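Worksheet: one structure, shown below.
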Amino acid sequence: MFSKDAIKLYVLGLSLLVLTAFVFFRENTTDWRDYQAEFRDLVTEKFGAERAEQIPTGVQQIWVKDLDRVDRCVTCHQAVEWKGLETAPNPYRTHPKGILEKHPLTAYGCTSCHGGQGFSTTLPDAHGNVEHWEEPVLGQEVSEAYLIKNSKALMEMNCNACHRYDRETKGMDYINTAKNLVEEKDCRACHTINGRGGIIGPDLTFEGEKPTEQFDYGRLTGRHAVFAWQVAHFQNPKMVSPDSIMPNFGFSSQDAQALALLVMSWRKEQIPAHYISGVQLRDVPTPEEIAREKEMLEGDGAFFVQNKCFVCHSVSSLGVNSAAKIGPDLSDAVVDVQNRFGRTLDDFLMEPTGTMSVVLATQIPLTTEQRHQAIALLKVAYQRKLEQQIKSASPSPTPTGK
Amino acid sequence: MATEEIGETKASSSLLTAMREKLALKPMWEKLTWTWKPETKREAGDAIVRNFLLHWFPAKVSLESLSWGYSFWLGTISAVLFLILTITGGILMFLYVPSVERAYLSVKDLEFSTSYGWFLRGLHRISAHLMVAVVFLHMVRVFLTGAFKNGRKAVGQNRPLNWIVGVALLLITLLLSFTGYLLPWDQLAYWAITVGTNIASSAPVFGDPTRFILLGGTTIEQATLIRFYVLHCFLLPLATFGLVSYHMWRVRKDGGLACTEKRYEEAKKQEQPAIASKTYSLLGITGGSAVDVQNVMIDDEKDKVPSSPYMTVRLAVVTLATLFISILLTLLVRAPLEEAANPAVTPNPAKAPWYFLWLQELVTITTFTVGGITINGALIGGIILPGVLVAAAVLWPYFDKSPVSSIGKWLPKERKWQNRIFLFIVAAILILTFIGTYMRGHSGRSICRGRNGNRRRENSDRARRAIRDV
Ligand code: HEM
């Protein structure tokens with residue numbers, strides 16, 4: 001019994017060793033290693049061994065924390081940022097340059113525009129034409145399947161995640177066309193989009209979120225996918241949805257495709273505000289504030305508004321009103337300066353002391369000429385103030401400092 | 001003075017040597033290893049009793065207990081699987097993040113970028129499925145050999161209790177697997193747990209509170225994930241470890257495996273009555289007398305072999321074989337990972353984990369409408385029936401009246417009806433599981449495979465969105 005068991009033990013031990021070798025083999029023979037080796041050969045051939053030495057090995061990734069994306073595409077697409085491989089075959093081709101300048105890899109990664117499965121390090125999984133991955137790479141293959149003439153058009157759907165509030169975006173021809181159509185045909189007459197529009201049809205703000213399960217493909221000939229449904233629906237709403245009261249606009253197939261891309265781009269993507277084109281990340285002045293500033297710019301005190309003196313000072317006699325009023329009203333600066341500093345206004349503005357020395361040296365650097373202009377204007381302001389006081393028949397016209 | 005000092009040192013060093021010899025202190029390494037080829041009986045005994053790893057085994061075991069055909073070593077295989085799960089799970093804990101934002105991504109990372117991550121995850125997953133199956137088979141074997149019964153009237157023997165510990169272990173094994181099922185946070189996980197916990201909520205009165213406590217709320221969210229995580233990685237393994245230890249201790253306290261009862265029966269038949277020999281009590285600490293004291297005189301040495309090497313080698317064979325099969329399956333079966341969990345998209349069909357599919361089927365079967373009154377299947381099929389089954393399992397040993405001579409034997413005549421009933425229940429569970437796994441397509445209607453494409457196609461309906469084909 002013992003020796004039989006011992007033999008079993010040895011056999012099992014050996015089999016396990018073989019199995020472990022298989023595990024090791026599978027871990028270490030992934031196709032990305034082949035691609036990296038091939039790329040090194042290509043670089044050696046074109047640029048010499050020294051350049052090839054510098055190519056990093058192992059899984060490479062771009063981690064964009066803001067977008068919560070990890071894209072390992074660059075494990076195989078190693079030439080993305082290289083010069084001189086513009087015509088090399090993929091995956092060794094340089095990425096077209098222009099678009100990368102505005103959308104650097106480190107800030108956008110790959111999949112936020114191209115689609116695909118960024119985590120993956122195997123080709124079929126990465127390109128996403130696999131079960132359980134809903135966003136394949138938007139390129140030739142999918143375009144051909146959906147009869148879209150321009151293989152880059154599908155990607156515009158992803159561009160529009162950040163550019164959704166643009167009226168027009170350079171290079172996004174399909175989406176631009178679709179946005180024009182939305183205005184031209186006045187879709188908002190019936191539909192609400194981004195908080196604006198009618199209520200006859202459904203709200204389309206997040207139309208792109210609707211899962212495939214919620215579409216009825218029963219009357220659709222051809223492919224059963226959201227895109228196909230949307231295109232068919234735009235071309236003839238009643239055909240796919242007989243109860244629909246949406247009019248048939250007679251869109252061409254290209255226009256229908258453009259509109260399908262647009263509505264499918266309207267998703268609840270979680271994108272930080274600073275990525276979204278057209279969203280202002282600053283306090284916008286209220287219309288009243290803007291109107292008041294404009295009015296002040298047209299009056300005699302325009303100089304003080306233009307040069308931002310009015311941030312702290314009012315010059316009330318010239319119609320300049322500071323919201324903050326941090327400094328004194330400059331209407332009577334002529335006498336006030338004399339009272340406070342024992343110097344004339346001319347003298348003070350040429351060689352200021354205290355706070356004003358800092359402000360004029362750093363924030364509001366006035367030229368000598370501008371200073372003379374300011375002095376002249378302030379004298380006018382004082383004159384104006386005296387006149388106003390007399391006009392309002394004040395019993396005590398005597399000018400006094402504060 | 002100087003000579004005295006020398007003398008003292010000498011004396012103390014010889015005292016040390018003497019002490020060491022007396023205590024026979026072995027270096028650590030020798031406490032963890034042992035010889036396969038003992039030259040003497042003493043060496044064979046020492047390999048067990050003076051070895052840290054093996055001391056809890058008896059020095060000698062009977063050949064029947066070691067045979068493949070009696071126990072199929074299914075309990076041992078369960079323990080080995082638990083060990084594999086503990087080790088792989090421990091490593092996975094360094095790599096998995098139990099948060100709804102990161103859980104799915106960290107599993108993707110395991111699959112694609114962590115070194116050997118796919119292997120760790122695959123091995124853990126396969127071993128978990130195997131453990132559920134093997135523990136179930138172990139229970140089947142224990143029942144069919146009547147190993148839940150007490151034999152000779154020996155003090156401290158309580159096999160029914162060990163059977164109940166076993167039932168608890170089966171339930172905990174299921175819970176371990178169920179809690180682990182949620183962790184990848186994909187559609188498969190999310191909806192399986194939805195279906196599973198919805199069954200729990202159909203219990204009257206305490207159903208909803210139970211579900212609430214289990215989920216940490218009314219929906220499966222972060223609170224659920226962290227609960228399941230702590231249960232899965234800490235509390236349930238701890239409970240399993242404790243219960244398995246007790247289970248093992250009980251096997252020894254019960255006088256070894258039930259198959260050894262035969263020798264006492266045979267001895268009794270052959271000749272002398274039991275000798276009321278001396279009664280030992282452990283300094284009055286324990287009540288009653290020690291095991292084997294009031295005993296028939298049998299040749300204890302007959303058919304017994306030293307545990308080392310006979311048992312240890314077989315243990316090693318079982319361990320390696322279990323490891324081999326688990327790794328082989330890991331290489332052959334890819335661990336699934338579906339889309340990230342999405343409460344808004346219900347897959348059709350939404351299915352519980354496979355080992356609960358017989359329950360899901362029971363729920364479907366017991367839901368029917370008679371004269372406008374709908375019978376709530378979740379209550380009958382999901383709560384009452386399984387509750388009755390567990391209660392029956394716990395109580396069974398106490399109602400079994402089959403003779404002692406039928407203990408430790410496969411399918412004896414005396415227990416024909418018991419075994420028939422038991423096998424009928426087992427078959428029903430297996431058939432329902434099969435139906436639930438392979439024959440349920442859309443809307444819970446059973447589908448006809450092969451017509452208009454197979455099940456794979458139906459499954460992929462739910463998976464694809466947007467631009468993908470359906
Ligand atoms: C985590 C789960 C379990 C582990 C690790 C485990 C382990 C073991 C082991 C190693 C043995 C020694 C004999 C053998 O290998 O078959 C054993 C025996 C036994 N097990 Fe388990 N077991 C588990 C679950 C169960 C379950 C679910 C039951 C029954 C409901 C059960 C009831 C018993 C009984 C009664 C014995 C004594 C068998 C005899 O005397 O022949 N165990 N168990």
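Look through region B:311-354, keep the residues that are crowded, with 17+ Cβ neighbours inside 10 Å and among the charged types (D, E, K, R), and return whichever of them is farthest from the other protein chains (Cβ to nearest Cβ).
B:Lys351
Would you pick out the residues in region B:68-99 that are within 14 Å of the ligand (Cβ to nearest atom), open to solvent by 40 Å² or more (accessible area, probe 1.4 Å) and assigned to a loop (DSSP other than H, G, I, E, B)?
B:Phe72
In region B:386-402, which residues are open to solvent by less than 80 Å² (accessible area, probe 1.4 Å), touching a residue at least 24 places away in the same chain (Cβ under 8 Å) and assigned to a helix (DSSP H, G or I)?
Those that are open to solvent by less than 80 Å² (accessible area, probe 1.4 Å), touching a residue at least 24 places away in the same chain (Cβ under 8 Å) and assigned to a helix (DSSP H, G or I): B:Pro386, B:Leu389, B:Val390, B:Ala393, B:Val394, B:Trp396, B:Pro397.
In region B:350-368, which residue that is part of a loop (DSSP other than H, G, I, E, B) and aliphatic (A, V, I, L, M) is nearest to B:Phe434 (Cα to Cα)?
Here the answer is B:Ala352.
In region B:116-133, which residues are open to solvent by less than 20 Å² (accessible area, probe 1.4 Å) and either among the β-branched types (Val, Ile, Thr) or in a loop (DSSP other than H, G, I, E, B) (or both)?
Once the filter is applied, which keeps residues that are open to solvent by less than 20 Å² (accessible area, probe 1.4 Å) and either among the β-branched types (Val, Ile, Thr) or in a loop (DSSP other than H, G, I, E, B) (or both), region B:116-133 yields only B:Val132.
Of (1) open to solvent by 30 Å² or more (accessible area, probe 1.4 Å); (2) within 14 Å of chain B (Cβ to nearest Cβ); (3) over 18 Å from A:Ala228 (Cα atoms), A:Thr121 satisfies all except one. Which?
Against the list (1) open to solvent by 30 Å² or more (accessible area, probe 1.4 Å); (2) within 14 Å of chain B (Cβ to nearest Cβ); (3) over 18 Å from A:Ala228 (Cα atoms), A:Thr121 comes up short only on (1).
For region B:360-385, which residues satisfy the criterion of being without any contact (Cβ under 8 Å) to a residue 12 or more places away in the chain and among the β-branched types (Val, Ile, Thr)?
B:Thr369, B:Val370, B:Ile373, B:Thr374, B:Ile375, B:Ile384
Filter region A:198-226 down to the residues that are buried (at least 17 other Cβ atoms within 10 Å of the Cβ) and modelled with pLDDT under 90 and list them by number.
Hits for region A:198-226 are A:Lys210, A:Thr212, A:Phe215, A:Tyr217, A:Leu220, A:Arg223, A:His224, A:Ala225, A:Val226.
Residue-by-condition table, conditions (1) surrounded by 17 or more Cβ atoms within 10 Å (Cβ to Cβ); (2) touching an Asp or Glu at 6+ places or on another chain (Cβ under 6 Å); (3) of a type in the set (Asp, Glu):
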site: A:Leu259; (1), (2), (3): yes, no, no
site: A:Glu289; (1), (2), (3): no, no, yes
site: A:Cys312; (1), (2), (3): yes, no, no
site: A:Val315; (1), (2), (3): yes, no, no
site: A:Ala324; (1), (2), (3): no, no, no
site: A:Leu349; (1), (2), (3): yes, no, no
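Using the structure shown, decide if B:Ser202 is away from every other protein chain (no Cβ under 14 Å), within 15 Å of the ligand (Cβ to nearest atom) and either touching a residue at least 60 places away in the same chain (Cβ under 8 Å) or not aromatic (Phe, Trp, Tyr) (or both).
No: the conditions fail for B:Ser202.
If you check every pair at least six apart or on different chains, which have Cβ atoms under 6 Å apart with a residue in region A:200-213 that is within 14 Å of chain B (Cβ to nearest Cβ) first and a residue that is of a type in the set (Lys, Arg) and open to solvent by 70 Å² or more (accessible area, probe 1.4 Å) second?
From residues that are within 14 Å of chain B (Cβ to nearest Cβ), the pairs are A:Phe206/A:Lys268; A:Glu209/A:Lys268.
If I ask for residues that are more than 7 Å from the ligand (Cβ to nearest atom), part of a helix (DSSP H, G or I) and open to solvent by less than 20 Å² (accessible area, probe 1.4 Å), which ones from region B:141-164 would you list?
Listed by number, the residues that qualify are B:Phe143, B:Leu144, B:Pro160.
Name the residues in region B:169-186 that are near the ligand (Cβ under 9 Å from one of its atoms), of a type in the set (Val, Ile, Thr) and either surrounded by fewer than 22 Cβ atoms within 10 Å (Cβ to Cβ) or within 14 Å of chain A (Cβ to nearest Cβ) (or both), would you?
Scanning region B:169-186 gives a single hit, B:Ile172.
Looking at A:Ile62, A:Ile55 in this structure, which one is within 14 Å of another protein chain (Cβ to nearest Cβ) and either under 25 Å from the mean Cα position of the chain (by Cα) or surrounded by fewer than 18 Cβ atoms within 10 Å (Cβ to Cβ) (or both)?
Details: A:Ile55 fails: within 14 Å of another protein chain (Cβ to nearest Cβ).
Residue meeting the stated conditions: A:Ile62.
Hey, which of the helices (runs of 4 or more DSSP H) in region A:305-400, taking only ones fully inside, have at least 2 residues that are closer than 30 Å to A:Thr286 by Cα and in contact with a helix residue (DSSP H, G or I) (Cβ under 7 Å, 6 or more places away or on another chain)?
A:368-391
Within 14 Å of another protein chain (Cβ to nearest Cβ), β-branched (Val, Ile, Thr) and more than 10 Å from the ligand (Cβ to nearest atom) - does that describe any residue in region B:116-131?
Yes, region B:116-131 contains a residue that is within 14 Å of another protein chain (Cβ to nearest Cβ), β-branched (Val, Ile, Thr) and more than 10 Å from the ligand (Cβ to nearest atom).
Determine whether region A:164-173 contains at least one residue that is within 14 Å of chain B (Cβ to nearest Cβ) and open to solvent by less than 30 Å² (accessible area, probe 1.4 Å).
The answer is no; no qualifying residue exists.
For region B:403-424, which positions are closer than 24 Å to B:Leu362 by Cα and either open to solvent by 60 Å² or more (accessible area, probe 1.4 Å) or touching a Pro at 6+ places or on another chain (Cβ under 8 Å) (or both)? Can you show your working first?
Taking region B:403-424 and keeping what is closer than 24 Å to B:Leu362 by Cα, we get B:418-424.
Within region B:403-424, B:Arg420, B:Ile421, B:Leu423, B:Phe424 meet the criteria.
Spot the failing condition for A:Gly98; the list is (1) open to solvent by 60 Å² or more (accessible area, probe 1.4 Å); (2) modelled with pLDDT under 90, and only one is missed.
With respect to (1) open to solvent by 60 Å² or more (accessible area, probe 1.4 Å); (2) modelled with pLDDT under 90, A:Gly98 is out only on (1).
Please specify each residue of region B:42-66 satisfying the condition of being open to solvent by 40 Å² or more (accessible area, probe 1.4 Å), within 14 Å of the ligand (Cβ to nearest atom) and not in a helix (DSSP H, G or I).
B:Trp56
Tell me which residues, restricted to region B:202-240, are open to solvent by less than 30 Å² (accessible area, probe 1.4 Å) and either farther than 18 Å from B:Pro98 by Cβ or hydroxyl-bearing (Ser, Thr, Tyr) (or both).
Within region B:202-240, B:Ser202, B:Ala203, B:Gly207, B:Thr224, B:Thr240 meet the criteria.
Restricted to region B:100-115, and to residues that are of a type outside the set (Ser, Thr, Tyr) and surrounded by fewer than 20 Cβ atoms within 10 Å (Cβ to Cβ), which residue is nearest to B:Phe424 (Cα to Cα)?
Ranking the candidates gives B:Val100 first.
Under 7 Å between Cβ atoms, which residue pairs at least 6 apart in sequence (or on different chains) link something in region B:141-153 that is within 14 Å of chain A (Cβ to nearest Cβ) with a partner that is at pLDDT 95 or above and near the ligand (Cβ under 9 Å from one of its atoms)?
That search, which allows pairs on different chains as well, returns nothing.
Mind checking which pairs have a first residue in region A:112-125 that is assigned to a helix (DSSP H, G or I) and a second that is hydrophobic (A, V, I, L, M, F, W, C) and at pLDDT 90 or above, Cβ under 6 Å, 6 or more apart or different chains?
If the second residue must be hydrophobic (A, V, I, L, M, F, W, C) and at pLDDT 90 or above, the pairs left are A:Ser112/A:Leu67; A:Cys113/A:Met155; A:His114/A:Val137.
Answer yes if at least one residue in region A:75-85 is open to solvent by 30 Å² or more (accessible area, probe 1.4 Å), more than 13 Å from chain B (Cβ to nearest Cβ) and at positive phi, and no otherwise.
There is at least one residue in region A:75-85 that is open to solvent by 30 Å² or more (accessible area, probe 1.4 Å), more than 13 Å from chain B (Cβ to nearest Cβ) and at positive phi.
The values are calculated or read from the model by the stated rules, or taken from the named source; none is laboratory data. All values reported here derive from a predicted model rather than from experimental measurement. Here Cβ is always computed from backbone atoms with ideal geometry, including for glycine, and neighbour counts include all displayed protein chains. Surface areas here come from the heavy atoms of the whole protein model, side chains and all, with no ligands, DNA or RNA. Shrake-Rupley method; radii C 1.70, N 1.55, O 1.52, S 1.80 Å.
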